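Asker: The structure's right below; bear with me while I get my questions together.
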Amino acid sequence: MKRTEELIEKNKKYLWNPFTQMKQYLEDSPIVIERGEGIKLIDVEGNEYYDGVSSIWLNVHGHNVKELNEAIQTQLSKIAHSTLLGMASVPALELAEKLVEITPNGLNKVFYSDCGATAVEIAIKMAFQYWQNQGIKEKTRFVTMKNAYHGDTVGAMGVGAIPLFHEIYSPLLFESFKVPYPYPYRFNGTSEECAQTCLHNLEQLLKERHHEIAALIVEPLVQGAAGMIMMPDGFLKQVSNLCKQYNILLIADEVAVGFGRTGKMFACDHEAVTPDILTAGKGLTGGYLPLAVTVTTDEIYNAFYADYEELKALFHGHSYCGNQLGCAVALENIKLFEQRNLVNKVEKTSKYVETLLNKFNALRFVGDIRQLGLMVGIELVKDKATKEPFSFNEKIGLRVTKRVRKLGMIIRPLGNTIVFMPPLASTEADLKEMIGILYEAIQNVTEQHR
Ligand code: PMP
């Protein structure tokens with residue numbers, strides 16, 4: 001169609017897409033989205049696609065939701081934005097109060113930013129300066145987990161550990177300690193043994209180096225970008241206990257897992273963990289506008305609370321911190337969560353998803369199916385018996401993704417792991433359709449391989 005061709009031409013000429021090899025992308029007939037309706041995306045030609053990764057893990061109630069649209073319009077008729085530097089705004093205050101109510105007990109202060117990576121940058125600076133402000137100068141280092149992902153800014157990459165994304169930038173990055181994240185599928189032993197080995201590694205490090213460590217950062221329960229790797233039960237609680245025991249701050253990065261994704265409002269709620277700092281973004285605005293938060297305790301806040309001349313303020317802020325439109329839609333999003341009892345619904349629909357996914361075990365390339373709430377990773381392997389991975393050049397994830405698109409759904413793989421993250425409001429009927437597409441696509445690609 002002429003219009004699509006014209007738009008793709010503009011893409012070629014003017015747009016550099018994020019996390020995208022432009023050569024491959026432009027060779028592959030890109031989709032240009034024009035509208036959204038419920039859990040579907042609609043392109044300029046009118047083709048409909050299920051939004052099978054919630055527009056990169058953020059959509060909650062679907063697209064074009066009347067209540068969310070109205071919340072933005074109402075706020076827009078008052079003001080779109082004013083700064084939080086040295087002053088406040090009504091929606092920023094109301095949302096901060098609400099966030100303190102719904103985040104784990106003990107998290108009482110909200111610092112705004114505009115994406116997950118900036119929320120992590122703030123967490124890193126807060127944790128670092130917390131010790132400096134108290135005169136404890138040697139606690140300057142961070143612990144992260146192997147294959148961790150916390151965003152793409154340079155500080156956040158300092159606690160990132162996915163070789164494909166981070167290695168090339170390593171000369172630019174501060175060096176963190178890296179401990180293993182439990183990955184039972186690729187561990188030679190039981191899930192419990194895997195957890196114990198990782199905890200032992202962590203404890204050894206903390207025992208030896210705690211005096212120089214400011215904080216540990218972790219993706220609670222699910223390591224997202226690494227390929228939906230899931231912690232065995234109780235692991236997070238034990239990490240939290242070790243941090244307390246060795247006097248190290250715990251930063252829980254809930255950017256991917258927060259806001260109902262795992263079947264609880266926050267992943268930390270599964271194990272009654274209160275971190276010292278929690279970061280969240282993505283689902284905070286229901287997937288509408290870029291807003292993120294770094295939430296912390298009174299204890300950390302108080303280490304910065306001092307006379308002006310002491311220079312203990314947190315020297316950090318972005319132009320759009322606490323944007324009013326973003327805060328207004330986030331408030332409405334949380335209201336809808338409550339009115340629609342959405343977190344409990346996710347707990348129920350995720351059980352249904354589990355029953356539908358059982359069938360995938362029979363497929364030749366399906367090595368491991370990992371699921372928590374509405375977060376699913378299906379790891380494809382060349383040989384189930386040996387767990388031999390597909391090589392990068394075989395592009396197995398991409399091939400499944402392309403087939404899924406032909407069948408009417410958008411997903412995005414993580415290497416050889418197929419990610420399925422439907423909007424939280426998806427009904428059982430929607431989920432059945434979407435998982436049907438996924439099954440057919442994996443089956444088709446498997447058949448091509450025979
Ligand atoms: N932390 C985690 C755990 C994430 O999964 C992501 C994004 N996928 C980020 C941080 C970065 O968020 P953003 O893309 O909004 O910067």
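Asker: Can you find a residue that is part of a strand (DSSP E or B), touching a residue at least 24 places away in the same chain (Cβ under 8 Å), more than 16 Å from the ligand (Cβ to nearest atom) and surrounded by 14 or more Cβ atoms within 10 Å (Cβ to Cβ) anywhere in the range 179-200?
Answerer: yes
Asker: Also, I was wondering about something else. Hey, can you tell me all the residues within the range 231-254 that are in contact (Cβ under 8 Å) with a residue 40 or more places away in the chain, farther than 28 Å from Ile136 by Cβ and surrounded by fewer than 22 Cβ atoms within 10 Å (Cβ to Cβ)?
Answerer: Pro232
Asker: How about the range 287-312: which of its residues are within 14 Å of the ligand (Cβ to nearest atom), within 26 Å of Val65 (Cβ to Cβ) and open to solvent by less than 10 Å² (accessible area, probe 1.4 Å)?
Answerer: Leu291, Ala292, Val293
Asker: Another question, then. Looking only at the range 353-391, which residues are surrounded by fewer than 12 Cβ atoms within 10 Å (Cβ to Cβ) and assigned to a strand (DSSP E or B)?
Answerer: Hit for the range 353-391 is Glu388, nothing else.
Asker: May I pose another question? Just a yes or no: is a residue in the range 342-352 within 30 Å of Ile79 (Cβ to Cβ) and part of a loop (DSSP other than H, G, I, E, B)? Spell out how you get there, then give the answer.
Answerer: Narrowing the range 342-352 to residues within 30 Å of Ile79 (Cβ to Cβ): 342.
When the remaining residues are screened for being part of a loop (DSSP other than H, G, I, E, B), the result is none.
Within the range 342-352, none of the residues are within 30 Å of Ile79 (Cβ to Cβ) and part of a loop (DSSP other than H, G, I, E, B).
Asker: Go through (1) closer than 24 Å to Phe266 by Cα; (2) out of contact with any Pro (no Cβ under 6 Å at 6 or more places or on another chain) and name the single condition Gln324 misses.
Answerer: Evaluating Gln324 over (1) closer than 24 Å to Phe266 by Cα; (2) out of contact with any Pro (no Cβ under 6 Å at 6 or more places or on another chain) leaves (2) as the failure.
Asker: Please indicate, with yes or no, whether at least one residue in the range 314-321 is touching a Lys or Arg at 6+ places or on another chain (Cβ under 7 Å) and farther than 23 Å from Arg141 by Cβ.
Answerer: No, every residue in the range 314-321 fails to be touching a Lys or Arg at 6+ places or on another chain (Cβ under 7 Å) and farther than 23 Å from Arg141 by Cβ.
Asker: Mind listing just one residue for me: the one in the range 404-429 that is of a type in the set (D, E, K, R) and surrounded by fewer than 19 Cβ atoms within 10 Å (Cβ to Cβ) and, of those, nearest to Leu164 (Cα to Cα)?
Answerer: For the range 404-429, the residue satisfying everything is Arg412.
Asker: Of Trp57, Trp131, which residue is more than 21 Å from the chain's Cα centre (by Cα) and among the aromatic types (Phe, Trp, Tyr)?
Answerer: After applying the criteria, what remains is Trp131.
Asker: Output the number of residues of the range 225-250 satisfying the condition of being in contact with an Asp or Glu (Cβ under 7 Å, 6 or more places away or on another chain) and closer than 20 Å to Asn108 by Cα.
Answerer: Total meeting the criteria: 2.
Asker: Among (1) free of Cβ contacts under 8 Å to residues at least 40 places away in the same chain; (2) under 20 Å from Ala280 (Cα atoms), where does Ile369 come up short?
Answerer: (2)
Asker: Give the range 1-14 a look and list any residue that's out of contact with any helix residue (DSSP H, G or I) (no Cβ under 9 Å at 6 or more places or on another chain) and open to solvent by 40 Å² or more (accessible area, probe 1.4 Å), or say none.
Answerer: Listed by number, the residues that qualify are Met1, Lys2, Arg3, Glu5, Glu6, Leu7, Glu9, Lys10, Lys13, Tyr14.
Asker: Would you mention how many residues in the range 273-286 are open to solvent by 10 Å² or more (accessible area, probe 1.4 Å) and within 11 Å of the ligand (Cβ to nearest atom)?
Answerer: Looking only at that region, the number is 1.
Asker: How many residues, within the range 142-177, are within 16 Å of the ligand (Cβ to nearest atom), among the β-branched types (Val, Ile, Thr) and open to solvent by 10 Å² or more (accessible area, probe 1.4 Å)?
Answerer: Of the residues in the range 142-177, 3 are within 16 Å of the ligand (Cβ to nearest atom), among the β-branched types (Val, Ile, Thr) and open to solvent by 10 Å² or more (accessible area, probe 1.4 Å).
Asker: I've got another one for you. For a quick check of your reading of the model, give me the residue pairs whose first member lies in the range 127-156 and is under 18 Å from Ala214 (Cα atoms) and assigned to a helix (DSSP H, G or I), whose second is within 16 Å of the ligand (Cβ to nearest atom) and β-branched (Val, Ile, Thr), with beta-carbon atoms closer than 6 Å and at least 6 apart or on different chains.
Answerer: Sorted first by the residue in the range 127-156, then by its partner, the pairs are Gly155/Ile124; Ala156/Val120.
Asker: Looking only at the range 240-272, which residues are at positive phi and away from the ligand (no atom under 16 Å from the Cβ)?
Answerer: So the first thing to find is which residues in the range 240-272 are at positive phi, and the list is 247, 259-260, 263, 272.
Once the filter is applied, which keeps residues that are at positive phi and away from the ligand (no atom under 16 Å from the Cβ), the range 240-272 yields Asn247, Gly263, Ala272.
Asker: Can you name every one of the helices (runs of 4 or more DSSP H) wholly within the range 27-116 that holds 2 or more residues which are out of contact with any helix residue (DSSP H, G or I) (no Cβ under 9 Å at 6 or more places or on another chain) and either free of Cβ contacts under 8 Å to residues at least 24 places away in the same chain or open to solvent by 20 Å² or more (accessible area, probe 1.4 Å) (or both)?
Answerer: Because the criterion is at least 2 residues that are out of contact with any helix residue (DSSP H, G or I) (no Cβ under 9 Å at 6 or more places or on another chain) and either free of Cβ contacts under 8 Å to residues at least 24 places away in the same chain or open to solvent by 20 Å² or more (accessible area, probe 1.4 Å) (or both), the helices (runs of 4 or more DSSP H) in the range 27-116 that meet it are 66-76, 90-102.
Asker: Can I ask one more? Sort out for me the strands (runs of 3 or more DSSP E) sitting completely within the range 207-283 that have 3 or more residues that are under 13 Å from the mean Cα position of the chain (by Cα).
Answerer: Ranges flagged: 277-280.
Asker: With (1) of a type in the set (D, E, K, R); (2) more than 19 Å from Thr294 (Cα to Cα); (3) surrounded by fewer than 19 Cβ atoms within 10 Å (Cβ to Cβ) as the list, and Lys139 as the residue in question, which single condition is left unmet?
Answerer: Status for Lys139: all satisfied but (3).
The values are calculated or read from the model by the stated rules, or taken from the named source; none is laboratory data. As the structure is a computational prediction, the values presented were derived from the model and not from experiment. Cβ atoms come from the backbone with ideal geometry, glycine included; neighbour counts cover every protein chain shown. SASA here: full protein model, heavy atoms, side chains in, ligands and nucleic acids out. Shrake-Rupley method; radii C 1.70, N 1.55, O 1.52, S 1.80 Å.
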